[in-house]
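Structure first, commentary second.
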Amino acid sequence: MRPNILLVTLDQFRADSLSCAGHPLVRTPHLDALAAEGVRLARHYSQAAPCAPGRAALYTGTYQMNNRVVANGSPLDARLDNVARMGLRAGYHPVMFGYTDQAADPREINDPDDPRLWNWEGVLPGFEELLCLDERHEPWLAWLRELGYTGDASTDPDVALATEHERPAEHSVTQFLTDHFLEWLGAQDEPWFAHTSFIRPHPPYDAAGQYATMYSPDDCPPPLPIPQPVHPLHDLLLQVNWVAAPTDPAAVAHMQSQYYGMISEVDHHIGRIVQALKDRGEWERTLVVITSDHGEQLGDQGLQQKCGYFESSYHIIGIIRDPSNPSAHGTVVDDFTENVDIAPTLCEAMGIAVPLQCDGLPLTPFLAGNRPTHWRSAAHYEWDWRDALIPFGNWDWPWQRTLEQRNLAVVRTDTHAYVQIGDGDWLCFDLAADPTWQTTVTDPAVVLPLAQRMLVWRQQHLDRTLTGMLMRDGGIGRRPDPVAGPYFTA
């Protein structure tokens, strides 16, 4: 029998915020138990930030340089395959609870009044949306009103999220989504594919009910300091209100305590879902994938939210439980894994071919306790900030490449992180000498191989959808033997 597929995203979940990952304060017993019964990806990375770019990479298995979702609001090219469409091909009826943050391709929309043209929080094509919890959170707010709440907290989603500490945790947005998923689960009798997309621990930094006081700010570990000297791009971020962390240490500690509280709440609800699967006898035939769309700075380097080139924004939670491989349960994978690997992994679990578009690699061998011989030795991620400019000018094409300079790419190895910025600037951090991202290196003997490595990475991941075909010598399906020579071997 085909497995059930449960894809869980916990928005903005840092990799280190798990007790099984060694965090000194936060408690995540249910995620820890899931990792012990599955495989934990200790060095798992998102490929982009913020939400829409990070999710585009996750859902399509492609790097930002190929899918070109560069901002919240960038349309997802309709030609791209995605996990929901893959599920349809495998015979599932994919459903989702929450949100996927994927703007529709405007070239596919003929009606100028179509609301998808001004809503970037669209549904990933292929999913049936059973519960919409986009930024409006209308179903949750309606439920709060049914419970008797009045005022702004029952009508304004921003206020409702920022005042969760004032209400019992049983009335939280996380509880609401979990309840809806469990109600749906109780009516299933065929193999299913479900995506539960939780907003927490995404800001506002306000945990629900008792979770708001679960951790004392006095116990929170200090964030990583701002590197000196400050790079101009980093300095610019420190001037932006929504990404600059508070300068008051007490305010940073409070932010951390609320973030950890939100994590412990989603951990509780993951436990509810696991128990429901066990009670229904479905635990041993459900593939569970838990990841995030990106990380959270949480005060590191003087920043909050997700932005820039530091790995706090990209190193994320990764847990997979494959019930068909119990011998590997409890394994911790220390190789670099990426969110672009999730789509190929799901394809193999569902018994369909991995699409040529995928930049990621199936994690299937790791789930069976094996390490592939030719696995990657670095993680890669990108960040684009052209959305700060697009609304404020007409950017001439093709001569002016101003917007194309507002991006960066990072290759993160065991020992270094090399950052290439679109305007030609670069940075290189020595993480072997200093894992806190405070120490840069300029030695050409170190930097040049890393820059070349990034160039080779980009060359090897150019779009390949049609590049393996030659419409000659017998037709599109034939791949002639290469000509022998210095670059080809017969």
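Calculate for the chain the 222 nm mean residue ellipticity that helices alone would give, adding -39,500 (n - 2.57) per DSSP H run of length 4 or more and normalising by residue count, nearest 500 deg cm²/dmol. Before the final figure, lay out each step's value.
Numbers: 12 runs with 124 residues, N = 490.
The per-residue figure over the chain is -7500 deg cm²/dmol.
Just to confirm my numbers, what's the Cα centroid distance between segment 181-260 and segment 108-177 in Å?
Cα centres, segment 181-260 to segment 108-177: 19 Å.
Looking at the chain, which longest stretch skips every one of the trypsin sites (Lys or Arg not before Pro) that is in a DSSP loop with at most 16 other Cβ atoms within 10 Å, leaving the sites themselves out? Each step should come with its number before you reach the end.
Values: sites that count: ARG27, ARG68, ARG79, ARG136, ARG280, ARG376, ARG401, ARG464, ARG472, ARG478.
Longest stretch, sites excluded: 137-279.
Can you give me the long-range amide H partners of ALA48? Hydrogens built in the peptide plane at 1.01 Å from N, cutoff under 5 Å, separation of 5 or more residues or another chain.
For ALA48, whose amide H was placed from the backbone, the distant partners under 5 Å are GLU382.
Quick check on segment 233-336: what are the equivalent-ellipsoid semi-axes from the Cα gyration tensor, as sqrt(5λ), descending, whole Å? Spell out each step's value before the answer.
Numbers: eigenvalues 250, 57, 19 Å².
Semi-axis lengths for segment 233-336 are 35, 17, 10 Å.
State, as an integer percentage, the relative contact order of the chain based on alpha-carbon contacts under 8 Å between residues 6 or more apart. Don't jump to the answer; show the numbers that get you there.
Working: 993 pairs, mean separation 110.0, N = 490.
Dividing the mean separation by the residue count of the chain yields 22 percent.
Quick test of the membrane-span-like rule: which DSSP H helices of the chain reach at least 15 Å along their long axis (C-alpha atoms) with mean Kyte hydropathy at least -1.0?
Working: long enough: 173-185 (18 Å, 0.40); 249-279 (45 Å, -0.15); 444-460 (23 Å, 0.35).
Counting only whole DSSP H runs, the qualifying helices are 173-185, 249-279, 444-460.
Please state, to two decimals, what the Cα-based radius of gyration of segment 4-384 comes to when divided by 2.2 N^0.38 Å (N = residues). Present the calculation step by step, with values, prior to reporting the outcome.
Numbers: Rg = 19.8 Å, N = 381, 2.2 N^0.38 = 21.0 Å.
That ratio works out to 0.94.
Nearest-5 percent of antiparallel DSSP beta bridges in segment 4-384?
Details: 9 of 37 bridges.
Among the beta bridges of segment 4-384, antiparallel pairing accounts for roughly 25 percent.
No lab work stands behind these numbers, since they all come straight from the coordinates. Everything quoted here is computed from the prediction, not taken from an experiment. Don't worry about glycine lacking a Cβ; one is built from the backbone with ideal geometry, like all the others, and counts go over all protein chains shown.
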